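Novice: Pasting a structure below so you can have a look.
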Amino acid sequence: MGSGAGRPTVVVLGSINMDLVVHTARVPEPGETVKGGELRTAAGGKGANQAVAAARLGAKVRMVGRVGGDAFGESLRAGLTAHGVDVAGVAVDADHASGVAVILLDAEKENRIVVVSGANMECGTEEVEAAARSLDGAQAILLQHEIPMGVSVEAARRASEAGVNVIWNPAPFEEIPDEAYSLIDVITPNRNEATALTGVDVSDASSAERAAHRLIERGAGAAVVTLGELGAVYATLGESGYVVAPGVEPVDTVGAGDAFNGALAVTLAEGRPLLDAVRCGVMAGAAAVTKAGAQDGMPDRAAVEAMLRRL
């Protein structure tokens, strides 16, 4: 990665959750009960995770979102602040509970997640305006699908008009309005999301590239399809490429995609090429899976640079 001189500013508009992580030898079949192991409580939410990832890599990060007026909400705001994230744009909603994600983590370290959105889905005009204010001096905004779609689309419109890079992580899957694609500078689906968005059965680098080009045909400036342990494929109108992930011993995969997106956003905000951003994203994702937890597992710049030296 770069030196971090003149720290870039990244705005993150998205979800803020409390994660309840349940370790189990295997997930239950329908109608079956299995005994779980350890239960961990940890701050999460795709928006908050990506904000922490970007902050850990040296960016100035402004978080915009909503938490409940409960103990989880107070803890979530405090946790973001402790990671160096500006929470001036995080509203406290006294009428709704904070978002919660229940994460089942099996013996193979694969995760299955159920999200109870809570206050996140109450985001609206207030968050759009907070995001617009936060764009001043920013180089990039990160968006996801755990808040109302219309809020993300309008924030993308404001960012596009302000000349701020729009990075759109379409997770969890939800159809994106056709008019939104032209507002997106870089869209970053994983293989499942890319399949759902494009109809291309994404299983390898070649099919990922086909899916990426379909997203560009819809209006996105660039597309990056993440392939987990296989790495990531990127494409623009003029170029495409494949970045292979390094071999690592995973502890858990929670937050790997968020680490990728945070690193990609920071690198682009530093004014560096898309290839560099994808490389940094892949290495950040690889580093993240070697540690437990989402926010606690986000790598710092030194860890990503160590991974990059393995290229």
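The values are calculated or read from the model by the stated rules, or taken from the named source; none is laboratory data. This one's a predicted model, so the numbers in the text were calculated from it and none came from an experiment. Quick reminder, even Gly has a Cβ in these numbers, built from the backbone with ideal geometry, and neighbours come from all protein chains shown. Accessible surface is based on the protein model in full, side chains and every heavy atom, while ligands, DNA and RNA are left aside. Shrake-Rupley method; radii C 1.70, N 1.55, O 1.52, S 1.80 Å.
Novice: I'd like the antiparallel share, as a percent to the nearest 5, of DSSP beta bridges with both residues in the chain.
Specialist: Antiparallel: roughly 40 percent of the beta bridges in the chain.
Novice: Enter the accessible area per residue of the range 43-91 (Å², integer; probe 1.4 Å; all protein chains in place).
Specialist: In whole numbers, the range 43-91 has 33 Å² accessible per residue.
Novice: Still on this structure, I have one more. Kindly provide the helix-only [θ] at 222 nm of the chain, computed as the sum of -39,500 (n - 2.57) over DSSP H runs of four or more divided by all residues, to the nearest 500 deg cm²/dmol? Don't skip to the answer; put the middle values down first.
Specialist: On the way: 9 runs with 104 residues, N = 311.
That calculation yields -10500 deg cm²/dmol at 222 nm.
Novice: With every protein chain left in place, what is the accessible area of residue 129 in Å² (1.4 Å probe, nearest 10)?
Specialist: Residue 129 exposes around 70 Å² with every protein chain in place.
Novice: May I ask for the net charge around residue 196, where only other residues with Cβ less than 11 Å from the Cβ of residue 196 are counted and Lys, Arg are +1 while Asp, Glu are -1?
Specialist: Here the count lands on -3.
Novice: With an 8 Å cut-off on Cα pairs and a minimum separation of 6 or more residues, tell me the relative contact order of the chain in percent.
Specialist: 18 percent
Novice: Okay, moving on. Using the Cβ atoms and a cut-off under 15 Å, what net charge is assigned to the surroundings of residue 60, where Lys and Arg are +1 and Asp and Glu are -1?
Specialist: Every neighbour counted, the sum reads +2.
Novice: For the range 188-311, with every protein chain kept in place, what is the accessible area per residue (1.4 Å probe, Å²)?
Specialist: Values: 4720 Å² over 124 residues.
That works out to 38 Å² for each residue.
Novice: Report the Stokes-Einstein translational diffusion coefficient (µm² s⁻¹, integer) for the chain, Rh taken as the Kirkwood radius over Cα pairs, at 20 °C with viscosity 1.002 mPa s.
Specialist: Numbers: Rh = 19.0 Å.
In µm²/s, the coefficient is 113.
Novice: Please compute one quarter of the surface area of the Cα convex hull for the range 175-311 and express it in square nanometres.
Specialist: So the mean shadow area of the Cα hull is 7.9 nm².
Novice: Just report the Cα centroid separation between the range 54-83 and the range 277-311, whole Å.
Specialist: 21 Å
Novice: Ranked from the most accessible area to the least, with a 1.4 Å probe and all protein chains present, what is the order of 296, 86, 93?
Specialist: 296, 86, 93
Novice: For an R0 of 45 angstrom, estimate the FRET efficiency from the Cβ-Cβ distance between residue 110 and residue 160 and round to the nearest 0.05.
Specialist: For residue 110 and residue 160, the calculated efficiency is 0.80.
Novice: With the cut-off at 1.5 for a/c, could you classify the range 1-150 from its C-alpha gyration tensor as rounded, prolate or oblate? Before the final figure, lay out the partial values.
Specialist: On the way: a/c = 2.31, a/b = 1.57, b/c = 1.47.
It comes out prolate by the Cα gyration axes.
Novice: Provide the solvent-accessible area of residue 109, counting protein heavy atoms only and rolling a 1.4 Å probe, rounded to the nearest 10 Å².
Specialist: Per-residue accessible area (residue 109): approximately 70 Å².
Novice: So, R0 is 35 Å and r is the distance between the beta-carbons of residue 239 and residue 133; what FRET efficiency does that work out to, to 0.05?
Specialist: In this case the efficiency is close to 0.50.
Novice: Carbon-plus-sulfur fraction of the accessible area of the chain, 1.4 Å probe, in percent?
Specialist: About 50 percent, which is the carbon plus sulfur part of the accessible surface.
Novice: I want the local charge near residue 308. Using Cβ-Cβ distances under 11 Å, sum +1 for each Lys or Arg and -1 for each Asp or Glu among the other residues.
Specialist: Values: positive: 279, 301, 309, 310; negative: 276, 305.
Once all neighbours under 11 Å are counted, the net charge is +2.
Novice: Can you send over the solvent-accessible area of residue 218, 1.4 Å probe, protein chains only, in Å² to the nearest 10?
Specialist: 100 Å²
Novice: Can you sort 7, 272 by solvent-accessible area, 1.4 Å probe, largest first?
Specialist: Working: 7 120, 272 65 Å².
From most accessible down to least: 7, 272.
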